[in-house]
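Undergrad: Structure below; questions to follow.
The values are calculated or read from the model by the stated rules, or taken from the named source; none is laboratory data. Owing to the predicted nature of the structure, the values given are computational and were not obtained by experimental measurement. No Cβ is skipped: glycine too gets one built from the backbone with ideal geometry, and neighbour counts run over all protein chains shown. What goes into the accessible areas is simple: the full protein's heavy atoms, side chains included, and nothing from ligands, DNA or RNA. Shrake-Rupley method; radii C 1.70, N 1.55, O 1.52, S 1.80 Å.
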Amino acid sequence: MTTLPMFPLGSVLFPYMPLQLRVFEERYLVMLARVLDSEPAEFGVVLIERGQEVGGGERRFSVGTVARVTQFEAPEGYLGLVVQGERRIEVTEWMPEDPHPLATVRVLSDLEWDDALLPRREQAEQLVRRTLSLASEFSDQEWSPDVVLSHDPTAAAWQLAAITPVGPLDQIALLRSPTMEALLDNIIELTQAAAEALAW
């Protein structure tokens with residue numbers, strides 16, 4: 001168990017994935033001043049279940065990801081950050097805000113890769129790329145169907161989870177996956193459902 005400063009967001013951060021943030025709310029500027037003054041410069045990211053990013057009072061999901069700061073700049077009026085998703089965490093208790101959210105968290109186990117899962121991984125990748133291509137016909141997508149994945153199989157599996165065109169509730173289900181096999185199965189199931197909805 002450890003206590004982490006927390007940043008509830010309207011999006012899900014996955015392990016091995018980058019995220020750009022523009023921070024202007026005072027409580028999070030205070031939090032980041034503290035984070036950047038420590039080593040490693042890390043905080044937790046959780047998805048907001050109900051409410052808004054600005055102003056507080058939101059309800060939050062309990063599963064999230066540790067974000068490590070890799071770049072930052074401070075133009076006038078806000079702080080620009082690039083963070084990298086690291087390990088998964090589960091919030092066990094929300095602490096009093098100081099002035100930003102704080103939580104006691106436990107680290108969730110890393111998912112272990114097994115080469116026997118390679119055909120499943122390849123199936124998931126083909127499906128995600130096809131669905132991204134289909135989705136791009138209806139709206140601009142953050143990720144291209146030709147996006148390059150990591151050569152590391154564990155990283156690539158999490159990258160597939162992050163780029164598949166599903167909503168945040170489905171992304172939370174992916175983030176909760178207890179094993180690598182379950183993660184790949186969930187990617188396939190949720191992406192197939194998304195593709196069927198697009199084809200409809």
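Undergrad: So which of 101, 40 is surrounded by fewer than 18 Cβ atoms within 10 Å (Cβ to Cβ) and either within 23 Å of residue 159 (Cβ to Cβ) or not aliphatic (A, V, I, L, M) (or both)? So that I can check it myself, show each step before the final result.
TA: Numbers: 101 fails: surrounded by fewer than 18 Cβ atoms within 10 Å (Cβ to Cβ).
Matching residue, one of 101, 40: 40.
Undergrad: Let me ask something else. Inside the range 115-152, can you point out the residues that are within 19 Å of residue 176 (Cα to Cα) and either open to solvent by 40 Å² or more (accessible area, probe 1.4 Å) or in a loop (DSSP other than H, G, I, E, B) (or both)?
TA: Of everything in the range 115-152, just one residue is within 19 Å of residue 176 (Cα to Cα) and either open to solvent by 40 Å² or more (accessible area, probe 1.4 Å) or in a loop (DSSP other than H, G, I, E, B) (or both), namely 120.
Undergrad: With 27, 106, 22 as the choices, which residue is touching a Phe, Trp or Tyr at 6+ places or on another chain (Cβ under 8 Å) and of a type in the set (Lys, Arg)?
TA: None of the others qualify; the one that does is 22.
Undergrad: All but one of (1) at pLDDT below 90; (2) touching a Gly at 6+ places or on another chain (Cβ under 9 Å); (3) in a strand (DSSP E or B) hold for residue 47; state the number of the condition that does not hold.
TA: The single condition residue 47 does not satisfy is (1).
Undergrad: Checking the conditions here, which among 67, 74, 124 is out of contact with any Lys or Arg (no Cβ under 9 Å at 6 or more places or on another chain) and free of Cβ contacts under 8 Å to residues at least 12 places away in the same chain?
TA: On the way: 67 fails: free of Cβ contacts under 8 Å to residues at least 12 places away in the same chain; 124 fails: free of Cβ contacts under 8 Å to residues at least 12 places away in the same chain.
One residue alone meets the criteria, 74.
Undergrad: Another question, then. Can you tell me which of (1) open to solvent by 60 Å² or more (accessible area, probe 1.4 Å); (2) under 29 Å from residue 154 (Cβ atoms); (3) of a type in the set (D, E, K, R) is the one residue 90 doesn't meet?
TA: Among (1) open to solvent by 60 Å² or more (accessible area, probe 1.4 Å); (2) under 29 Å from residue 154 (Cβ atoms); (3) of a type in the set (D, E, K, R), the lone unmet condition for residue 90 is (1).
Undergrad: Given (1) assigned to a helix (DSSP H, G or I); (2) touching a Ser or Thr at 6+ places or on another chain (Cβ under 7 Å); (3) crowded, with 19+ Cβ neighbours inside 10 Å, where does residue 165 come up short, assuming only one miss?
TA: For residue 165, the failing item is (1).
Undergrad: Restricting attention to the range 1-14, and to residues there that are more than 19 Å from residue 104 (Cβ to Cβ) and open to solvent by 20 Å² or more (accessible area, probe 1.4 Å), which single residue is nearest to the chain's Cα centre (by Cα)?
TA: If we take residues in the range 1-14 being more than 19 Å from residue 104 (Cβ to Cβ) and open to solvent by 20 Å² or more (accessible area, probe 1.4 Å), then 12 is nearest to the chain's Cα centre (by Cα).
Undergrad: Report, by residue number, each residue of the range 15-37 that is surrounded by 10 or more Cβ atoms within 10 Å (Cβ to Cβ) and not aliphatic (A, V, I, L, M). Give the derivation first.
TA: To start, the set of residues in the range 15-37 that are surrounded by 10 or more Cβ atoms within 10 Å (Cβ to Cβ) comprises 15-19, 21-36.
Correct list: 15, 16, 18, 22, 24, 25, 26, 27, 28, 34.
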